[in-house]
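Student: One structure follows; several queries about it will come next.
The values are calculated or read from the model by the stated rules, or taken from the named source; none is laboratory data. All figures in this text were calculated on a predicted structure; none of them were measured in a lab. Here the Cβ positions follow ideal geometry from the backbone for every residue, glycine too, while neighbour counts run over all protein chains shown.
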Amino acid sequence: MLKDSYGRRITDLRVGVTDRCNFRCIYCRAAEPENYEPPEHLLTWPELLRLCTILGRLGLRKIRVTGGEPLVRAGVEEFVARLSALGLYEDVAVTTNGYTLAEKAATLKAAGLNRVNVSLDSLRAERFDAITRTRGALQRVLAGIDAARAAGLAPVKVNAVIVRGFNDDEIADFARFARDRGLVMRFIEFMPLDADHIWDRTRVVTAREMRRALESAGLPLEELPRQYDSETALRYRFADGAPGELGLVAPVSEPFCGKCSRIRLTADGKIRTCLFSRVDHDLRGLVRAGAPEREIAGEVERIVAMKEDGHHINDSDFAPPSRTMVFIGG
Ligand code: SAM
Ligand code: SF4
């Protein structure tokens, strides 16, 4: 079992399989094309699988395939199948913008995928285009959510990053959307990880404000108990027994770093011990040099021991990391 120097058990792995994306969300990527990593820097599928195997044997139990947009990388279904077949991870999940999910949901389910999280930041078509800087994508994402449910990828979680001035007036609409479709809906505070540096405190809609917006929507909510220690969301169910669930994720206003159980493996083979780490720890060099498993495992243990105590967003001298969400693997 991996433990960091603060005694936190590290059980969750986020794997970025690409830094490419077919969206350009305002809170994530730059308006202008950024420099992607050169293709030769990205781990191949066998390299990714080898590292995920070693990490699984070290005690990581949950794995989430993310990016960039994981479903734009050819071969992702096969990768999910191989990950599931390892039998090392209790939970294999994908986070996607949903654009191609309608075509891929059934194959992913057959590959052994347990769960999918779909990002959806507006239910209004024009606004959705403005936030994601796409055209006409909302219907495809909604179809993707339906296809995921039909394929049995339960529960489908829908994530909305709430940014003041962009979508903070849709919280009640989202709650009704979750209730109507029996979905798990998560409202996430905006974090300083965007490429265009539009983040500032005034843009953060806090969990407390979101809670108030939910209350004023007149929906009967009942707080749910925590399911496990490192759970990040404050969860609510509908008190009248309607299906669906709501959750507030408050990394900025109510940090949960003390219970963090995560590390990240980026598409170019770096371990990040925190979203806000100032440093990346390279594993690609070791993998490409043909290092044996025990050497890579030892390096991972050494890196995990350096996991930061927390993100320090609320410190006066906070500076955002140089890598943004699309490169880190959200
Ligand atoms: N492309 C996929 C997607 O959008 O779901 C997976 C990668 S994306 C980086 C993972 C998650 O990070 C998404 O739910 C996205 O909304 C979230 N995210 C990106 N930038 C963020 C930011 N600045 N603050 C909070 N969440 C952010
Ligand atoms: Fe792409 Fe996801 Fe970032 Fe949006 S949040 S730009 S979909 S990686």
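Student: Which one is farthest from the chain's Cα centre (by Cα), of the residues in the range 30-56 that are at pLDDT 95 or above and of a type in the set (D, E, K, R)?
Tutor: In this case the residue turns out to be 40.
Student: Something else about it: What's the total number of residues in the range 73-116 that are within 16 Å of ligand 2 (Cβ to nearest atom), hydrophobic (A, V, I, L, M, F, W, C) and not in a helix (DSSP H, G or I)?
Tutor: 3
Student: Given the structure, is residue 327 in a helix (DSSP H, G or I), within 17 Å of the chain's Cα centre (by Cα) and buried (at least 19 other Cβ atoms within 10 Å of the Cβ)?
Tutor: yes
Yes or no, residue by residue, for (1) in contact (Cβ under 8 Å) with a residue 40 or more places away in the chain; (2) touching a Gly at 6+ places or on another chain (Cβ under 8 Å); (3) closer than 20 Å to residue 108 by Cβ; (4) part of a strand (DSSP E or B):
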{"position": "20", "(1), (2), (3), (4)": "yes, yes, yes, no"}
{"position": "35", "(1), (2), (3), (4)": "no, no, no, no"}
{"position": "52", "(1), (2), (3), (4)": "yes, no, yes, no"}
{"position": "63", "(1), (2), (3), (4)": "yes, yes, yes, yes"}
{"position": "68", "(1), (2), (3), (4)": "yes, yes, yes, no"}
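Student: Further, regarding this structure: Has the range 45-62 got any residue that is within 16 Å of ligand 2 (Cβ to nearest atom), crowded, with 23+ Cβ neighbours inside 10 Å and either closer than 26 Å to residue 161 by Cα or not aromatic (Phe, Trp, Tyr) (or both)?
Tutor: no
Student: What's the total number of residues in the range 1-29 that are touching a Pro at 6+ places or on another chain (Cβ under 6 Å) and within 22 Å of residue 122 (Cα to Cα)?
Tutor: Total satisfying the criteria: 0.
Student: So, one more: Note down all Cβ pairs under 6 Å where the first residue falls in the range 221-235 and is within 11 Å of residue 12 (Cβ to Cβ), the second is not in a strand (DSSP E or B), and they're at least six residues apart or on different chains.
Tutor: Final answer for the pair search is 230/259; 230/261; 232/256.
Student: Identify, please: which residue in the range 218-241 is surrounded by 14 or more Cβ atoms within 10 Å (Cβ to Cβ), hydrophobic (A, V, I, L, M, F, W, C) and over 25 Å from residue 201 (Cβ atoms) and is, among those, modelled with the lowest pLDDT?
Tutor: 219
Student: It is to be established whether one or more residues within the range 68-89 are hydroxyl-bearing (Ser, Thr, Tyr), closer than 28 Å to residue 228 by Cα and within 11 Å of ligand 1 (Cβ to nearest atom).
Tutor: No: zero hits.
Student: Out of (1) within 16 Å of ligand 1 (Cβ to nearest atom); (2) in contact with a helix residue (DSSP H, G or I) (Cβ under 8 Å, 6 or more places away or on another chain), the odd one out for residue 14 is which?
Tutor: (2)
Student: Right, here's the next one. Taking residue 269 and the conditions (1) loosely packed, with under 14 Cβ neighbours inside 10 Å; (2) at pLDDT 95 or above; (3) touching a Lys or Arg at 6+ places or on another chain (Cβ under 6 Å), which numbered condition does it fall short on, given that it satisfies the others?
Tutor: Going through (1) loosely packed, with under 14 Cβ neighbours inside 10 Å; (2) at pLDDT 95 or above; (3) touching a Lys or Arg at 6+ places or on another chain (Cβ under 6 Å) one by one, residue 269 breaks only (1).
Student: Could you check the range 217-295 for strands (runs of 3 or more DSSP E) lying wholly inside it with 2 or more residues that are over 27 Å from residue 155 (Cβ atoms)?
Tutor: Qualifying strands (runs of 3 or more DSSP E): 270-272.
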